2 protein chains.
Amino acid sequence: MADTDNQVSGFVDSTPAPNPRALLLAERAKGQFDPNKMHIFLEETAEKSRSFKRLVQQLDRDPILATGNKYYDLTKDQQRENTAVRIARLAQYIENDSQETWNQRVSLLSVLDPQTGTRIGVNLGLFLGCIRGNGTFEQLDYWAKKKETGQLKGLYGCFGMTELAHGSNVAGLETTATFDKETDEFIINTPHIGATKWWIGGAAHSATHCAVYARLIVDGKDYGVKTFVVPLRDADHNLMPGVTVGDIGAKMGRDGIDNGWIQFSSVRIPRFFMLQKFCQVSREGKVNLPPLEQLAYSALLGGRVSMVMDSFRWTARFATIALRFAIGRRQFKSASQADGTETQLLNYPLHQRRLIPFLAQAYVFSAGAWKLEHTIKSTLDTLDAAVAAGDMGKIMKSVNDMKSLFIDSAALKSTSTWLCADAIDQCRQACGGLGYSSYNGFGKGYADWVVQCTWEGDNSILAMSVGKPLIRAAVEVLKTGKKQKGSVAFLNEAKEWANDKLVFQTADELLEPKNTLKAIQVLMTRVALNGAEVLKENNGNFDAVGAPSLVLSKLNAHFYHLNEFYRRIETNEHKELNSHLILLGKLHAASFVFEKFGGDLLSNNIVPPAVLNEVVNKKLPELCKQIRPNVVAYTDSFMYSDTFINAPIARYDGNIYENYFDTVKKSNPPENTKAPYSAAFETALNRAALEVRERGDKSAAAAALLSK
Amino acid sequence: MADTDNQVSGFVDSTPAPNPRALLLAERAKGQFDPNKMHIFLEETAEKSRSFKRLVQQLDRDPILATGNKYYDLTKDQQRENTAVRIARLAQYIENDSQETWNQRVSLLSVLDPQTGTRIGVNLGLFLGCIRGNGTFEQLDYWAKKKETGQLKGLYGCFGMTELAHGSNVAGLETTATFDKETDEFIINTPHIGATKWWIGGAAHSATHCAVYARLIVDGKDYGVKTFVVPLRDADHNLMPGVTVGDIGAKMGRDGIDNGWIQFSSVRIPRFFMLQKFCQVSREGKVNLPPLEQLAYSALLGGRVSMVMDSFRWTARFATIALRFAIGRRQFKSASQADGTETQLLNYPLHQRRLIPFLAQAYVFSAGAWKLEHTIKSTLDTLDAAVAAGDMGKIMKSVNDMKSLFIDSAALKSTSTWLCADAIDQCRQACGGLGYSSYNGFGKGYADWVVQCTWEGDNSILAMSVGKPLIRAAVEVLKTGKKQKGSVAFLNEAKEWANDKLVFQTADELLEPKNTLKAIQVLMTRVALNGAEVLKENNGNFDAVGAPSLVLSKLNAHFYHLNEFYRRIETNEHKELNSHLILLGKLHAASFVFEKFGGDLLSNNIVPPAVLNEVVNKKLPELCKQIRPNVVAYTDSFMYSDTFINAPIARYDGNIYENYFDTVKKSNPPENTKAPYSAAFETALNRAALEVRERGDKSAAAAALLSK
C-alpha cells in the first residue's frame, strides 16, 4: 500500500486504514487495452460512442436529470413528482434532438432512472408505437405530429392492453368496442371487474389518451381484439364522462410510474378513432380483417429491443459495481497472500467465478441487442413500405419476417431479462452487507428491474411461444423434409443430429466459437426432437412440452447473442481488442450455456462427461483468471460516469469507504441522535413493573382477599 | 362455474365475470386429508400445533401487531416508528409468556412482520445470546434478569460484530479493547474508518448497550477478537461520551430496523464488562484463552436455526400465495379444456413444475428446521452444563459436537435461505403482474428476505466453510483410514465409492427415500474426492476448491433436510398422511437435487443419462400431477390466517379479484383523480411553442437582422 495515497490514517491503537483506491488505480494503470476503443465495440460505432459521451455529460450536469444518493431516499409520492419534473425537463431536450439522439438519450436514461424512462416510454414507445403499428399514416401524423404527442406536448398517451383478469392472453381480453351504426361511433365498455384495464402506466395521473385493446363487436358478432384511441382526460386534465380511473398504488419497484386502472362505462368515440391500418370498419359496418392478428402486437416489438438493450446496460452497471468493489475490498488472509495483508476479493477463484461471467454477459449482450434493434427496424420499415405501396405480396413476406422476429425477440427478451435479474442479485450478494444498503443501488435496481421478466409478455409464456415453432419445425423436417426458413432454418440439419452421436470430444474444441455455436444448435435440435416425442405421447398437446420449450428458448437466445458477438469480433476494426473479446465469449458460453445446461448437454450426448467436467472445473476458472488482470479496463470501457453508477462503493476513484461513509452521513446526519419517535420507545423501556401496572390485582394481598 | 356463487356479474355487453372463489372452494371440498392433522406434522407436535393456532388468533386480532395492506404503503420513517410501537406492545406479552410461547410467538411474527422480529431478535437473540455464549452465568443473570433486558425492559442491546471493512472475517476485526492496568479498565477504540462498527441493528435509535467484538490487547500483545459489553446510551437515552453513532439509512428491505454505525473514541469500561466464560483477564493482566475460538461465535448459532425455520415458514407463505392464485386464475384456452372456459393456471404442466416443488420445499424444510433447533439447544445446554461443572473433558466433547453443528448449520442456513429467496422470486413471477403489486407481499417479502443470504455469514463463505472439512475428511479416510465422526461420518465409506461405478440404474430406484439419501452421499463423496484432486494440484490451497465446496454444502443441506423428513414420516402417528408426504419428499429430491445437480450427477456417474432424463422429464411432472389435486389441502395445512398471508390475491375465500381491487381502492382512493403535482405536469404539457419560448431568436426575421 502506497502511504502517500493513504487519505485516512488512524492514529490511536491503529492498524493501517484500508486503501482501496490505491488498488483500483494500480490495476487501471496496468490495463492492456484502450477502454475508449473498447467502448466503440460496445456501442457499435465510433459515432454512437462519441454521442454517448456527450449525452452522459449532459445528464451528469443537469441537476434535474442527474440522480444521486437522494434518489434512494424518496418516498413513493416524491418519486412520482420527481419523474414528472424530469419529464418536463426532458420535454425541452426532445424538441431539439434528432430521433437517433433522443433514442440514445432515453436508452441511457433507463440505466440511471428507469422509471422516468418507462413513464416516457409508455407514451412515446407504446401509445405512439401502437398507433404507428396499427393506425394509418394519417392517424399517426395526426396524433404524433399535429397534436404534438411526439414532442411530449399537448397529449400524453398510455397503453390500454392488460386487464385485471388477462395479462398475457391478449386474444382473451374482454373490454368491448361495440359499433353503433346509428351514430357512427364505437361504445367502449368494461363489462365486469375482470375486464378492468390494469397496470396501465400513466393512467393514474398523466395520460390524456389511451390506446385501448378491445373486442370489436359489429352487429352482435365478435371480431376479436382490435385497437382504439380513447380520450381519458380533457384539456383541463379532468376525466371524461364514463371514464373511471384509479391509482394502482405501491409496487415492488418503479414507484415513480403512475400505473393505473381504467373502467369504461359506455364511452363513445368516433369510428375514425379505431386504428385502421390493417382492420377497417366501414360506415355500414362492413369489417375488413388484417392478414395476421399478430400485426396488432407489433407495438410490443420495440419494447423487446429496449429490454435486451437494457439487459446489456444494466448487467454492465451492476457488474461494474461489484467488480470495482471486489478489487478494492480485502477480506481474509489467503494462503497465497505473501505480504500478510488480506486478499482482494477478486483474487479468490470463487469470487472470480461469481462475478466475471457477468462481465462477459454484458459484452455478449451488447452485440445481440444492437443486432435485434437493426432487425426490428428494418422489418417494420419494410412492412410500412409494403403497406404504403399496397403490395400484398410484400406485406405477406414481411409478415413471415415478423414471425421469425417474434420467435427471436421473445427468446431474447425473456432470456436476457432473466439473466440480468440474476446478475443484479448475484452482484449484490458479492458485495455482502454493503450490497444491501440502498445507496449502492442494488435494492432499487433489482426491484425496478424484475418487472422486465413479467411485463410485455411473462418470460415463461414468451419462452413457450419459442419452443412451439421449433418443435413443430423439427417434426416437419423429419417427417416431410419441408425446408425451414428464418430462425428455425438450422433445423434443416435435424436428420443428421437425430441420434446420440457425440458431437465434440474435447473441451478446447467445444469452446472454439464456431463449435460452440454448432453445439448449441445440435443441442436445440435434440431437445426439440425429444420434445416432439413427448408431444406425440400427449396427443399433440403443447402444454406438455413447457419444460423443453423453456430450454429451447434460452438456448436460442444464447445462440443469437453469441453468434452476433463472434461475428462482430470478426469484423472488428480494432483487431488488438479481439483476443480480449474472445475470452469473454468463451466464458459466457462456458458459464451460461455449458455449465448451466450441463445436464441437458450430457443427457443429449453433446460431449462426454469428462469434457463437461473439464469445461466447468478447469476451463471456466482458467478463463476467469485470464480476464482478471484487465477487469478494470473491461469495466471502465462501459464509460459509465459516477452519476450512472450511482453507488458510492463503486466510484471511478475507488475510494470505497470514504465515499460510502460520506454518503450515509449526508443522507442521515449523525447529529440527530434520537429518533422522532424516541419518547414512545423510551417510555416502553422504562415502564413500571408489571405488578404495578396490574394495580397489584394479582398480589398475595389481593389473593387473600379474593380467594375462598 | 356455479352461477349461484358468482358474486359479480357484468350486465352490459358482458361475458361472465371470473369466479375464482368457486374454483378454490370446490378443490378445498375435495381434499383427501385433514389439514389439521397435517399441521401437527408441520409444527412437530400436537401441542405446538395448538399453541400455534392460539398465537395466530392473538396476532390476528391485535390491531397494533396485525399487519394489513397499510403495511405496504409505509415510508421508511413510518416503518421505524411502527416497529417501535409494536415492540412496546410485545413487551407486554413477553412479561406473561413462557420461554417456549415467546419463541413461537417471535417465530410467527417473523412471517408477517420480519423487521419487528429482527429488531427484537438483535436484542434478545444476539445481544443476550452473546452474553449467554460468552459471559459467565453471573454476567448473564445480571444483564438478562437483574437489568430486565430479557423482558424488553430497562436496557436494549445490540450486537457489535461487523465493521465497515470486515463482514465475514470476524477474526480480522480491528476495533481494539486495550487493557489499562492502572485503572482496571478496557479502552474501546475504533482506530480508523474501516473499523467503524457497521450494520449494527438497533444502534441508530434503540440500543442502550452493545456487545462489542474487539481485539483484546494486553501489554501490547494482541490476543485476538473477544467480546465486551459497552454502554452506548445513558438512562436518558443520550449517547455516552466517546460514543459516536449514526443511522445507516435506507436499505433494500427491513427499513423498520434502525441499523446504525458506531465509532468508539477511547471509551472506558470496567474490566468486568468483558464477557469471561471462556476467556479471562486478571487484575494483573494475565490472559486465560478459550479452548476453541469458535466458541465466541456460538451466539450466531441461534440465528441460524431461526433462518432455517424462517425458510420453511416463508416458503410456505409465498407458495401458498402463488398456488391459491394459480387455482383461481384462468388464462388461455388449453387444448385439453373441454368446456370452452380458460384453463386454471395450475392445470398447466409447466406451471405445476414452476410452483409445486416449492410446496415440497416448505414441507421438507419444516423437518430439518425442527431437528436443527433441537440439536443446537441440546448441544449448547450440554456445553453449559460442562462449563458449570468445570469438566474439561466434557467441554472438549461439546466443542467437537459444536464443530459438527457449525458444518451442518452453515450448510442449512446458506442453502435454505438461498432456496427460499428463489421460491419467493419464482412465486412472484408465477403471479404475473399482480405479483409485482406491493399489496400481494412479494416485493417487500423478497427485499426483506434476501438479507438472510448475507447476514450472519455470507452464504458463499459459509458454504466454503462446509466444503473444507468434507474434502479434508475424504482425504483422511482415503490416505490414513482415519475414522470420521459427526456430520462427515458418511465419508468412512469413501473407499467404496472412490470409482466411477454407477450407483443406481433406474429412476424409480433413485427416488426411493433411502436410495435418494445414498445417492446424495455418494455424490458428495465423489465431489469431495474430485475436490481433493484439485486441492492437490493447487498445493493444498483451499481457495481453489470454492466451486466444489459450494456443491458439497448444498448437497449436505439437502441430505440433512430429506433425511429428517423421511425419518419423521416413518415415525408419524397419523399414518394416513404418509403417502401424501412421501410424494413431496420425492418431488423435492427430483427437483432441487437431481434436476439442479444434473450435470454433477452424470459427470460423477451416479446414474446413467437416460435415468436423469426420466427423472427430470417424466417423474418430475408425474409427481406434480399426483400432488395437484390436494394443493389446497397442502397449503391450508400451513394454517396461515389471512393476516399472515397478507396478500389479497390469496385470501382463504379465494375471491381474488374482488379482494385485490378492494385493497387497491382503499389504499388509493379513486376520487383523487389528480396528482398533487398535477399542475406542474399540466404546465409542461401545455407549454408554449418552442419558438415562442426561444423568444423568436431563431426566426427568419432575427436571422435577417443578425446575419452578415
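The values are calculated or read from the model by the stated rules, or taken from the named source; none is laboratory data. All values reported here derive from a predicted model rather than from experimental measurement. All Cβ positions, glycine included, derive from the backbone under ideal geometry; neighbour counts span all protein chains shown. Only protein heavy atoms, including side chains, enter the accessible area calculation; ligands, DNA and RNA are left aside. Shrake-Rupley method; radii C 1.70, N 1.55, O 1.52, S 1.80 Å.
Quick notes on this one:
- When residues in the range B:278-298 are screened for being in contact (Cβ under 8 Å) with a residue 40 or more places away in the chain and outside any loop (DSSP other than H, G, I, E, B), 7 of them pass.
- Just one of the listed residues (A:95, A:81) is within 14 Å of chain B (Cβ to nearest Cβ), in contact with a Leu (Cβ under 7 Å, 6 or more places away or on another chain) and among the acidic types (Asp, Glu), namely A:95.
- Pairing each residue of the range B:355-367 that is hydroxyl-bearing (Ser, Thr, Tyr) with any residue that is open to solvent by 10 Å² or more (accessible area, probe 1.4 Å), provided the two are 6+ apart or on different chains, yields no C-beta distance under 6 Å.
- The set of residues from the range B:674-689 being in a helix (DSSP H, G or I), facing chain A (nearest Cβ under 7 Å) and not charged (D, E, K, R) comprises B:678, B:680, B:681, B:684, B:685.
- Among residues of the range B:383-392, those that are at negative phi and open to solvent by 50 Å² or more (accessible area, probe 1.4 Å), counted: 5
- Residue ID - nearest to residue B:137 (Cα to Cα), chosen from residues in the range B:372-382 that are within 21 Å of the chain's Cα centre (by Cα) and surrounded by fewer than 24 Cβ atoms within 10 Å (Cβ to Cβ): B:377
- Number of positions in the range B:20-68 that are open to solvent by less than 10 Å² (accessible area, probe 1.4 Å) and within 24 Å of residue B:344 (Cα to Cα): 2
- Test result for residue A:476, among the charged types (D, E, K, R) and under 14 Å from the mean Cα position of the chain (by Cα): no
- Exclusive hit being buried (at least 24 other Cβ atoms within 10 Å of the Cβ) and under 30 Å from residue A:538 (Cα atoms), set B:369, B:360: B:360
- Number of positions in the range A:135-154 that are open to solvent by 10 Å² or more (accessible area, probe 1.4 Å) and facing chain B (nearest Cβ under 8 Å): 2
- Qualifying residue in the range B:428-439 (condition: of a type in the set (Gly, Ala, Ser), touching a strand residue (DSSP E or B) at 6+ places or on another chain (Cβ under 6 Å) and open to solvent by 20 Å² or more (accessible area, probe 1.4 Å)): yes
- Selection of the range B:482-499 for residues being out of contact with any helix residue (DSSP H, G or I) (no Cβ under 8 Å at 6 or more places or on another chain) and assigned to a loop (DSSP other than H, G, I, E, B) yields only B:499.
- Residue within the range B:469-480 that is in a helix (DSSP H, G or I), closer than 22 Å to residue B:562 by Cα, within 11 Å of chain A (Cβ to nearest Cβ) and of a type outside the set (S, T, N, Q) present: no
- Tally of residues being at pLDDT 95 or above, polar (S, T, N, Q) and touching a strand residue (DSSP E or B) at 6+ places or on another chain (Cβ under 7 Å) across the range A:659-708: 1
- Criterion applied to A:517, A:583, A:529 was being in contact with a helix residue (DSSP H, G or I) (Cβ under 6 Å, 6 or more places away or on another chain) and either among the charged types (D, E, K, R) or within 14 Å of chain B (Cβ to nearest Cβ) (or both), and the one residue passing it is A:529.
- Unmet requirement for residue B:307, which otherwise passes all of (1) more than 30 Å from residue B:15 (Cβ to Cβ); (2) open to solvent by 20 Å² or more (accessible area, probe 1.4 Å); (3) modelled with pLDDT of 95 or more: (2)
- Matching residues, the range B:69-89, being farther than 17 Å from residue B:205 by Cβ and either of a type in the set (Ser, Thr, Tyr) or open to solvent by less than 20 Å² (accessible area, probe 1.4 Å) (or both): B:71, B:72
- For the range B:156-177, taking the residues that are touching a residue at least 24 places away in the same chain (Cβ under 8 Å) and open to solvent by 10 Å² or more (accessible area, probe 1.4 Å), the one that is farthest from the other protein chains (Cβ to nearest Cβ) is identified as B:159.
Yes/no matrix, rows are residues, columns are (1) modelled with pLDDT under 95; (2) touching a strand residue (DSSP E or B) at 6+ places or on another chain (Cβ under 9 Å); (3) within 14 Å of another protein chain (Cβ to nearest Cβ):
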| residue | (1), (2), (3) |
| --- | --- |
| B:286 | no, yes, no |
| B:292 | yes, no, no |
| B:295 | yes, no, no |
| B:319 | no, no, no |
| B:338 | yes, no, yes |
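- Candidates A:212, A:225, A:229, filtered to the one that is touching a strand residue (DSSP E or B) at 6+ places or on another chain (Cβ under 9 Å), at pLDDT below 95 and under 21 Å from residue A:122 (Cα atoms): A:225
- When residue A:232 is tested against (1) surrounded by 24 or more Cβ atoms within 10 Å (Cβ to Cβ); (2) within 27 Å of the chain's Cα centre (by Cα), exactly one condition is not met: (2).
- Of all residue pairs spaced 6 or more apart or on separate chains, those with beta-carbon atoms under 9 Å, a first member in the range A:45-63 that is under 26 Å from residue A:83 (Cα atoms) and a second member that is loosely packed, with under 13 Cβ neighbours inside 10 Å are A:51/A:100.
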